[in-house]
Amino acid sequence: MSTSNSQLVAKLIQNTIRDEVQALSAYHVPDASGYLKLDAMENPYRLPPELQQSLAQRLTQIDLNRYPVPSYSALKAALSHHYGVPQGYPLVLGNGSDELITLLSVACAKPGAKVLAPVPSFVMYAMSAKLAGLDFVGVPLNTDLSLDTPAMLDAIAAHQPAITYLAYPNNPTGTKFSEDEMETIIRAVGETGIVVVDEAYQPFAQSSFMPRLAEFPNMVVMRTVSKLGLAGVRLGYMAAAPALLEQFEKVRPPYNINVLTEAAVLCVLEHAEVFEQQAADLRGQREHLSSQLAALPGVSVFPSAANFVLTKFENPEGNCGSEQSFADQVFTKLAARKILVKNVGKMHALLKDCLRITVSTAEENAILLNALKEILRGS
Ligand SMILES: *Cc1c(COP(=O)(O)O)cnc(C)c1O
């Protein structure tokens, strides 16, 4: 581009793009080709061959020339049936739960409205709030990564948040907050705001607020099929009292779920037991991996109810003269061995020296553990 055109574009951006947007940096996803991918909480298993075959069959039948039917009633019925949505509670579907978070922000973006969540938690809560022009209030967790309930209650009283997010279990910590404390917070918010219980990791947590929708009229329960083993299809859903949910349905782009996603999820849900078995296997692997990691020198593991483990790396002998923290060194050495985990050490003070590691198959977990043993031995 010519210099004068570049200058024009720079001015154009100054004139048109909101300051909040200009200040953001785009969500960065590292190129992971050739890596053992333990950074993004993906399910390591693919579909069994018979299911791949029936899916391929099913996809050939689709009318790609037609728009989706925006009620998505068959898909909603299947999700409700398989995932325990109580009778009388409708769903809103999103292109991943990321889109649902955006819909919630947009619907609640009254001037001065606030979004509240414990921190560290899922980064999209704050990001989406800022993009919709809402203020974000983060309330630090306790050092053991449990909820600081008195601080949450003070912040709720002070800020009257329109939306409060509780990820259950929490990402990036893996913590399953106490059910009693969650209940206290949902009741304290009461009619002044919505409380979103984000159950992205429900298959690994085995407890849920979904059956309790009738008890909490201000609660929205949000789920996704991503962590279950379908991250690529992009489908999230949320349930709440019908009148409340209808408001969010108005904000949803009418054709946000494409016909391929719709057909694929309908097809694989006929074999939902496949995902249940995979989740059960990963829960077992999580316990094994956690105890093996915790047995390594300088390594501590936070209890997890999700399909990842937050792991702290501290060298008893310090940083060995390096500029990098010990956890950063471990991250770099894993990457050199083509193993990708998530370095969350700079996300929040409570996560200092922590790496977040996705639980995978027995084989892949063993590769990680062997690499860590070698790295920690200093070879
Ligand atoms: C991964 C994750 C999501 C995002 O799910 P998608 O449906 O893939 O957009 C939402 N909430 C939490 C807490 C997550 O960890």
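A few comments on the model shown:
- Amide hydrogen neighbours beyond the local backbone of residue 94, cut-off 5 Å, H modeled: 236, 237
- Rounded to the nearest 20, the Cβ-based charge dipole of segment 67-271 about its Cα centre (Lys and Arg +1, Asp and Glu -1) stands at 500 debye.
- Sparse-neighbour loop sites [GluC sites (Glu not before Pro); segment 251-292; at most 15 other C-beta within 10 Å; DSSP]: 270
- Across segment 67-271, Cα pairs under 8 Å and at least six residues apart give a relative contact order of 28 percent.
- Relative packing of peptides 53-66, 72-85 - highest average C-beta neighbours within 10 Å first: 72-85, 53-66
- Treating each Cα of segment 99-234 as one equal point scatterer and applying the Debye formula with no solvent, the log10 of I(q)/I(0) at q = 0.14 Å⁻¹ comes out as -0.59.
- Cα-based values for segment 155-270, radius of gyration first and Dmax second, are 15.3, 48 Å.
- Overall dimensions of segment 247-379 as given by Cα atoms, namely Rg and Dmax in Å: 19.3, 58
- Non-local Lys pairs in segment 67-271, i.e. 8 or more apart or on different chains, that have alpha carbons under 18 Å apart: 5
- Within the shell of other residues whose beta carbon sits under 15 angstrom from the beta carbon of residue 181, the net charge comes to -3, with Lys and Arg scored +1 and Asp and Glu -1.
- Cleavage-rule hits, GluC sites (Glu not before Pro), segment 319-379, DSSP coil, Cβ neighbours within 10 Å at most 11: 323
- The percentage of C-alpha pairs in segment 326-379 whose separation is greater than 17 Å is 35%.
- Packing-based ranking, highest mean first, of 5-17, 127-139, 176-188 given that Cβ atoms within 10 Å are counted: 127-139, 176-188, 5-17
- Based on Cα atoms of the chain, Rg over Rh with Rh as the Kirkwood radius reads 0.98.
- Working from Cα pairs under 8 Å separated by at least six residues, relative contact order for segment 106-181 is 38 percent.
- Ratio of Rg to Rh for segment 1-98: 1.13 [Cα atoms; Kirkwood radius as inverse mean 1/r over pairs].
Here, each number is a calculation from the coordinates, and none is a lab measurement. Values in this document were obtained by computation on a predicted structure and should not be read as measured data. Positions of Cβ are generated from backbone atoms using ideal geometry, with glycine treated the same way; all protein chains shown enter the neighbour counts.
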